[in-house]
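K.L.:
The structure's right below; bear with me while I get my questions together.
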Amino acid sequence: MKPTSDFIAPFRWVVLLVLACLTALPAHSAEFKKGQKVWSKNYETPLRAEPGPLAEVSARVGFAEKLSVRKVQGTWIQVKSGDAEGWVFQGNVADEKPSMAPGAGWSTIDASQTDTVAAARPLEPAAKGYAQRHGATDAEADIDWLDARVAIITEQDLEAAMSAEKLGEYQE
């Protein structure tokens, strides 16, 4: 039996909130100071024309790019790197250079050591056996259902949830 639509709506907010927390929280609380060097933590970090999540993006910097702090205003930091200058939410920078790209540590093997056939393979027999012993025989269908639900969440949905809950760049 698939969950009803009454269950989907609250579940969607949970997924949005989890995604927001994973993408926007700083590694640890840091006090940034003028002149300090910081590094971008995202593949593509937006530098905004003024402090605020809805401000125009004036430039973008890549992962682990070194930035110089020019000014601090609450949770927003004005930074400069070469010709790029703008405001960035403090959760998008680190006071130490990141050693691993976002998501790089989530797998036990490198992508070059596997192929798409392995990724498309159904659950392994051991996992199916575990699921049967614990009454979770629909695990594969549940994963497919969850993937389908997550796929309908748009970037606008994520932004709206973050704004409504005052998370990440939207915190005051």
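The values are calculated or read from the model by the stated rules, or taken from the named source; none is laboratory data. Since the structure is predicted, the reported quantities are computational estimates derived from the model, not experimental observations. Using ideal geometry, Cβ is built from the backbone for each residue, glycine included, and neighbour counts are taken over all protein chains shown. Just so you know, the surface numbers come from the protein's heavy atoms only, side chains and all, with ligands and any DNA or RNA stripped out. Shrake-Rupley method; radii C 1.70, N 1.55, O 1.52, S 1.80 Å.
K.L.:
Determine the gain in length on full extension of the stretch residue 49-residue 171; use 0.36 nm per residue of separation and subtract their C-alpha separation, reporting nm with one decimal.
P.N.:
42.1 nm
K.L.:
In nanometres, what is the gap between the two model label sites at residue 60 and residue 156, each 7 Å from Cα along Cα-to-Cβ?
P.N.:
Using points 7 Å along Cα→Cβ, the separation is 2.0 nm.
K.L.:
Using the Karplus curve 6.51 cos²θ - 1.76 cosθ + 1.60 with θ = phi - 60°, work out ³J(HN,Hα) for each residue of segment 70-83 in order, rounded to whole Hz, and write x for Gly and Pro.
P.N.:
The phi angles translate into 9, 7, 10, 9, x, 8, 10, 10, 8, 10, 9, 8, x, 7 Hz.
K.L.:
How much solvent-accessible surface does residue 153 expose, in Å² to the nearest 10, with a 1.4 Å probe and all protein chains in place?
P.N.:
Roll a 1.4 Å probe over it and residue 153 shows about 30 Å².
K.L.:
Given a Förster distance of 35 Å, report the FRET efficiency between residue 163 and residue 130 from their Cβ-Cβ distance, rounded to the nearest 0.05.
P.N.:
0.30
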